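What follows is a short report on a single structure.
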Amino acid sequence: MKVEADVLEVARAASVPATAGRGRSLRVLLHNAVAALAVLAAWQVATWVVRSVFFPSPWQVARALVDLGLNGDVAGHTLLTHMWWSMARLAAGFLMGVLLGVPLGLLMGLYKPLYAGTRAALEPFRFIPPIAWIPLTIVLLSGFSRYVFLIWLGAFFPIFVATLVGVPRVEPIHKNVAKVHGAGRWYILRKVVIPSILPDILGGMRVGMGTAWMTIVAAEMSGGETTGLGRMMVNYAELIRIPEIVVGMILIGALGFAMNEVLLRIEQRLFRWRWEVTL
Amino acid sequence: MNGNVDRKDARMTSMKRCTVALLVVLVALALPVVGAAQKMTTLRVGDQIGSELDYGPYWIAVEKGYFKEEGLTTVRKTYPNGPATLLDYNKGELDAVMAGFGPFLQAASQGSDYVIVSSITKGNAPLVARPEIRSAKDLNGKRVGTPGLGTIHDTMLTLYEREHGIKVEHVSAKITDLVAMLEKSEVQGILCWETVAATTVRAVKGAHYLAPLPVIPGAESLEVIISRKIAQSQPEVALGFTRALLKGMRYIDKHEDDALRIIARAMNVADALEVAKLAKAQVKITDPYMEPKSAQIIYQALVETKKITTERVKSYDDFMQRFVDYSFLKRAEESLKGWEPKR
Amino acid sequence: MRAGGEKVLVDVTQRFGDLVVLDRLRFSIAANEFVCVLGKSGCGKTTVANLLAGLLPCSEGAVTIDGVSADPRRHELAFVFQEPSLWPWRTVRDNIRIGLEIKRVPAPELERRVADMIELVGLRGFETYYPYQISGGMKQRVAIARAFAVDADLILMDEPFAALDEQTRHGMQAEVLRIWERKKTTVVFVTHNLEEAIYLAERIIVLTEKPTRIKASLDVELPRPRDYAHPGFIALRKRLGELMGSAW
Ligand SMILES: Nc1ncnc2c1ncn2[C@@H]1O[C@H](COP(=O)(O)OP(=O)(O)O)[C@@H](O)[C@H]1O
Ligand SMILES: [Mg+2]
């Protein structure tokens, strides 16, 4: 038995991320800082080129951010209130998307006839952007429920579809391993199918998260509530105060980025068994 | 060698022929344009959805050919609200804008430049409430919809609250969504422009004008501006535009029923004429001068609610001095002495 | 040799669409027997193993184990697959647990057996490694440990060492024999490697090409541990080579 050779191989495999880790992460950080500065510089140059009184410079936006942060907005809400409500609506809608998308995707992935028999009724909804539902939700729903519904629409399909297409891709051999020992359907679902497609589901969740952000901002812009980043931006759009709008844009970008990072971290944690986690 | 020269010559002649043909085509194309330019000036005018009645004088001027009489043709561009109109104006996409006093103040305070040549609407801020709301006190603590934080109507709501010593939640929404929101009690009242208010009163069972007229008498509402460049370099265009609008106002004064019929035709809603008649009571569209007291109150309210900063526009008087120019209006009035609008 | 009675009875014709893979293939296996099924690539060896495991329904005929048709829920089976079969989301230890987990072996007993198997296949120290972190040979040993951890009375091995280098393969073969001798269960070992079959088997079933039937069934009566240089070994190898065709 060539145990020594195996050990060497193992050592090599394990050492790759360990030694390269620190130096690389520093370099990556540096690259990102440079890229962010480049964006800022391009923006500053653009303000010189465009020369519109309404096109704000980074400096104006920074001032607006500080002002909003310290004094709240024109409607008397703090920045944190807006961020909190956007995130709360997003979280609620997104959670609904997961709670419905995963089980339904599993069910339809496992029982093909169910999907085949309902796809004509189900699939068209996938192509209706959540934003298109806004007028109807204004007639049918009020307040929190309206946003949750819209975000659910946005998050549901990416998660549902990722689950649905993941199920048939589960390696038959992995199921057979359980089957030869007499495992039942429930065991195979729990211990083989779900772990196998979990990366697909998480990927779907990250796509759904992007859609959810797009939807929440559009929905908040449609009105009916006084809080939320989208609302804040529309308010300032109506006052023709562009720096505050850009503050909203930046916050949305930052929050979305942070949430995506959280999901990525969860993925990396959960899927340590994979070589790498795809973006 | 020879062949080369030949080919070169051939290319030259074919190029010459092409150039001549191109020139002929260009001239042919340019002729009518040049001809028209001598006679007519085109003005790009911005306005907002569902505000045909508010801009009644404009529609009369179009319909009755008053612009044409001044050598003007107008191209209308419609926006969801005043601020959007003004952003496009600032890019140079519009020559004239009709919009709310509030957005004009906000634009000026952000560095935009223009000349107010005439006021066009006053009033136009009715408060419509659900059936169970019988008085201002009933609204206390309730939700009231407005077409947006930046609209004059949101400021009117602030003034209404002060007047009656109540506090309401200002809920902004697209003007066209306000009807549905009142209908299902998501808001208990709406404060918006006509003819949307009239449509709501007719569409929602039991909805009524809780306050048909704004709290401040004669409340200044909508103005007409023209770009500073036109006002300075083509004063005759500014004059013609102002005069055509003034003629429209005179016409409405004289032949209201007929004017409403014309406006209703432009409205594009069901029962337009009935809606227009109902709405007309809340709107005054025949006074070309701004109402100074209400305008000052509005300015003050905007400053107090931090909707505008005083960096660029120091005071109400500063604004009036730099952005309002009645000279065209005065000359138009002079020239219209003895003029009678014909049906 | 045939210590127990008839453990497995195969009498099956297997088709995939129009393709007849197994053509009235009949054989039986005695309890505690170590049988190698030898055939060229593509002749249907994996199909036979799958049929024995009840993973595939018979087109015609039947496979019975202890008198009832093959069904993993009624028999104690273990299977070492030809392709990589470890669950990549489980560590070495948790992969070995799978069979015991399904059989609901109580925790202390389960832990003990897993530890035993890890010891047996020489993977101590690698319990918490994920499959991607270990070499191909180690993965195959995990798969074997997983199969042998349960008290299977029929162990199916489908070319388990085909992907390994020769040295590792020899080590693994010896190990399988050791386990078999200790546990005394029935083993069906599928391979296309003549020497491997001779080294391991008590009996070799040689298959024809598609549509597949039995070409021969040879008892291997050489002393263990078997020696590749033994004249009997060499003679048998020659015989099998002739049976399998010139390419061998
Ligand atoms: N599920 C299947 N569907 C169709 N054909 C199959 C299937 N499984 C195996 N076959 C075919 O049956 C034949 C035998 O396959 P297999 O049992 O894998 O051969 P071996 O293991 O001996 O190499 C091959 O020709 C293969 O293409
Ligand atoms: Mg095979």
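The values are calculated or read from the model by the stated rules, or taken from the named source; none is laboratory data. A quick note: this is a predicted structure, and the numbers were derived from the prediction, not measured. Cβ: placed from backbone, ideal geometry, glycine included. Neighbour counts: every protein chain shown. These accessible areas exclude ligands, DNA and RNA; they are computed on the full protein's heavy atoms, side chains included. Shrake-Rupley method; radii C 1.70, N 1.55, O 1.52, S 1.80 Å.
Structural remarks
- Remark: C:VAL80 falls outside the filter, which requires a residue to be under 23 Å from C:GLU209 (Cβ atoms) and crowded, with 23+ Cβ neighbours inside 10 Å.
- Residues in the range B:298-312 that are more than 13 Å from chain A (Cβ to nearest Cβ) and surrounded by 17 or more Cβ atoms within 10 Å (Cβ to Cβ): B:ILE298, B:TYR299.
- B:THR242 fulfils the conditions (1) surrounded by fewer than 21 Cβ atoms within 10 Å (Cβ to Cβ); (2) among the hydroxyl-bearing types (Ser, Thr, Tyr); (3) in a helix (DSSP H, G or I) except for a single criterion, (1).
- Hits in the range B:247-264 (condition: in contact (Cβ under 8 Å) with a residue 24 or more places away in the chain and not aliphatic (A, V, I, L, M)): B:LYS247, B:GLY248, B:ARG250, B:TYR251, B:ASP253, B:LYS254, B:HIS255, B:GLU256, B:ASP258
- Scope the range C:43-94; condition facing chain A (nearest Cβ under 8 Å) and part of a strand (DSSP E or B); matching residues: C:LEU77, C:ALA78, C:PHE79
Results for (1) within 12 Å of another protein chain (Cβ to nearest Cβ); (2) under 20 Å from the mean Cα position of the chain (by Cα), shown as yes or no for each residue.
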residue	(1), (2)
B:GLY150	yes, yes
B:VAL179	yes, no
B:LYS205	no, no
B:GLN234	no, no
B:GLY248	no, yes
B:LYS254	no, no
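So that you can scan it fast, the table gives a plain yes or no per residue for (1) more than 10 Å from every other protein chain (Cβ to nearest Cβ); (2) modelled with pLDDT of 90 or more; (3) under 24 Å from C:THR46 (Cβ atoms):
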position: C:GLU119; (1), (2), (3): yes, no, no
position: C:GLY137; (1), (2), (3): no, no, yes
position: C:VAL142; (1), (2), (3): yes, yes, yes
position: C:ALA152; (1), (2), (3): no, no, yes
position: C:ALA174; (1), (2), (3): no, no, no
position: C:TYR199; (1), (2), (3): yes, yes, yes
position: C:ARG203; (1), (2), (3): yes, yes, yes
position: C:ARG213; (1), (2), (3): yes, no, yes
position: C:VAL220; (1), (2), (3): yes, yes, yes
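- In the range B:65-160, counting only helices (runs of 4 or more DSSP H) that sit wholly within it, the ones holding 1 or more residues that are within 22 Å of B:ALA259 (Cβ to Cβ) span B:66-69.
- Scan of the range B:103-133 for residues that are out of contact with any strand residue (DSSP E or B) (no Cβ under 8 Å at 6 or more places or on another chain) and closer than 22 Å to B:GLU169 by Cα, ordered by number: B:PRO103, B:GLU132
- For the criterion of being in contact with a helix residue (DSSP H, G or I) (Cβ under 6 Å, 6 or more places away or on another chain) and at the interface with another protein chain (Cβ under 10 Å from one of its Cβ atoms), C:GLY99 passes.
- Condition met for B:ARG228 (open to solvent by 10 Å² or more (accessible area, probe 1.4 Å), within 14 Å of another protein chain (Cβ to nearest Cβ) and over 25 Å from A:MET221 (Cβ atoms)): yes
- The condition of being within 14 Å of another protein chain (Cβ to nearest Cβ), surrounded by 19 or more Cβ atoms within 10 Å (Cβ to Cβ) and touching a helix residue (DSSP H, G or I) at 6+ places or on another chain (Cβ under 7 Å) holds for only one of A:VAL217, A:VAL246, that being A:VAL246.
- Restricting the range B:181-203 to residues that are within 11 Å of chain A (Cβ to nearest Cβ) and within 22 Å of A:MET221 (Cβ to Cβ), the residue that is surrounded by the fewest Cβ atoms within 10 Å (Cβ to Cβ): B:LYS184
- Looking across C:ALA53, C:ALA163, C:ALA62, one residue alone is open to solvent by 10 Å² or more (accessible area, probe 1.4 Å), closer than 25 Å to C:ILE29 by Cα and in the same structural domain as C:LYS40 (by TED's automatic domain parsing). It is C:ALA62.
- When the residues of the range C:104-117 are filtered to those that are within 14 Å of chain A (Cβ to nearest Cβ) and not in a helix (DSSP H, G or I), the one that is least open to solvent (accessible area, probe 1.4 Å) is C:VAL105.
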